[in-house]
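The values are calculated or read from the model by the stated rules, or taken from the named source; none is laboratory data. Here the structure is a predicted model, which is why all the values come from computation and not from measurement. Every residue, glycine as well, gets a Cβ built from its backbone with ideal geometry; the counts of neighbours run over all protein chains shown.
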């Protein structure tokens with residue numbers, strides 16, 4: 001049952017307020033928000049043909065460790081074929097362009113989650129149509145960050161409690177926005193946006209539910225992996241690839257995610273690309289997290 005109290009307003013990129021701070025998000029209030037969009041569903045456009053997306057994705061593919069992950073030509077072509085079929089509401093694409101201009105880290109992150117989750121779905125989800133279903137969620141999973149002030153997204157120091165709270169509302173904001181733009185409260189991409197920080201053991205946010213949808217988990221694990229290996233304002237040095245995979249291994253050990261997604265991700269990072277079902281992930285910890293990492297830290301009150 002949907003029942004979430006909002007601490008902060010949810011608004012569109014044009015600053016149209018959809019829900020005020022203090023509102024209770026229920027299925028009924030969500031329907032009202034969707035119905036307030038009196039226009040027809042937003043025009044859909046091809047992601048790969050929008051502005052510089054195609055060029056940017058190919059550039060990102062050539063950077064480590066993605067150069068190894070996407071080095072199999074046949075797999076990469078198959079993934080690109082799926083990606084070519086994906087169309088998204090124009091406001092989602094305009095939000096991507098907003099991030100490209102003001103927060104390139106988030107722009108790049110959203111595109112790479114789109115690509116990596118599509119590749120993992122190829123390995124883990126045999127049903128081709130479900131793979132497309134999953135792929136459409138990737139580039140929009142962090143859409144709700146348009147409701148987070150840019151200075152918070154780019155902050156290098158530990159966040160204050162208020163800043164952390166508004167950041168932690170982004171999954172719910174993305175859920176509302178995607179339902180609004182698609183005029184569909186059951187839209188799958190909206191579900192992924194809402195639940196991509198939830199965990200199998202109920203330790204995640206924003207609702208603290210036990211997350212068991214395998215397609216959502218693919219996006220969730222891709223999200224964690226890319227966040228660890230990529231530059232971030234709050235972390236001057238990235239996690240090296242081994243340490244990042246060790247961090248995700250700890251998540252599997254503690255029951256936050258399934259082993260299968262981790263095994264598939266580790267397999268993609270190996271030159272020979274072994275069948276993920278044929279090997280065990282090493283539990284040996286040899287990596288060291290980077291110094292001066294402000295992620296997860298809250299500034300003193």
Which residues, taken from the stretch 1-16, are closer than 19 Å to residue 181 by Cα and either modelled with pLDDT under 95 or exposed (fewer than 12 other Cβ atoms within 10 Å of the Cβ) (or both)?
14, 15, 16
Tell me which residues, restricted to the stretch 189-219, are in contact with a helix residue (DSSP H, G or I) (Cβ under 6 Å, 6 or more places away or on another chain), in a helix (DSSP H, G or I) and over 20 Å from residue 253 (Cβ atoms).
189, 190, 192, 193, 194, 195, 215, 216, 219
Looking only at the stretch 166-184, which residues are more than 17 Å from residue 146 (Cβ to Cβ) and either touching a strand residue (DSSP E or B) at 6+ places or on another chain (Cβ under 9 Å) or modelled with pLDDT of 95 or more (or both)?
none
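If you go through the stretch 31-49, how many residues are modelled with pLDDT of 90 or more, within 29 Å of residue 82 (Cα to Cα) and surrounded by 12 or more Cβ atoms within 10 Å (Cβ to Cβ)?
The number of residues fulfilling the criteria is 5.
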Which of the residues that make up the stretch 191-213 are over 18 Å from residue 5 (Cα atoms) and under 14 Å from the mean Cα position of the chain (by Cα)?
192, 196, 199
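Taking the residues in the stretch 68-90 that are in contact with a helix residue (DSSP H, G or I) (Cβ under 7 Å, 6 or more places away or on another chain) and at pLDDT 95 or above as candidates, determine which candidate is farthest from residue 238 (Cα to Cα).
70
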Regarding residue 111, is this residue under 15 Å from the mean Cα position of the chain (by Cα) and under 19 Å from residue 222 (Cα atoms)?
yes
Quick one: is residue 202 surrounded by fewer than 19 Cβ atoms within 10 Å (Cβ to Cβ) and farther than 16 Å from residue 167 by Cα?
yes
Any chance residue 267 is in contact with a helix residue (DSSP H, G or I) (Cβ under 6 Å, 6 or more places away or on another chain), within 20 Å of residue 121 (Cβ to Cβ) and surrounded by fewer than 21 Cβ atoms within 10 Å (Cβ to Cβ):
yes
Regarding residue 273, is this residue assigned to a loop (DSSP other than H, G, I, E, B) and either touching a helix residue (DSSP H, G or I) at 6+ places or on another chain (Cβ under 9 Å) or within 29 Å of residue 68 (Cβ to Cβ) (or both)?
yes
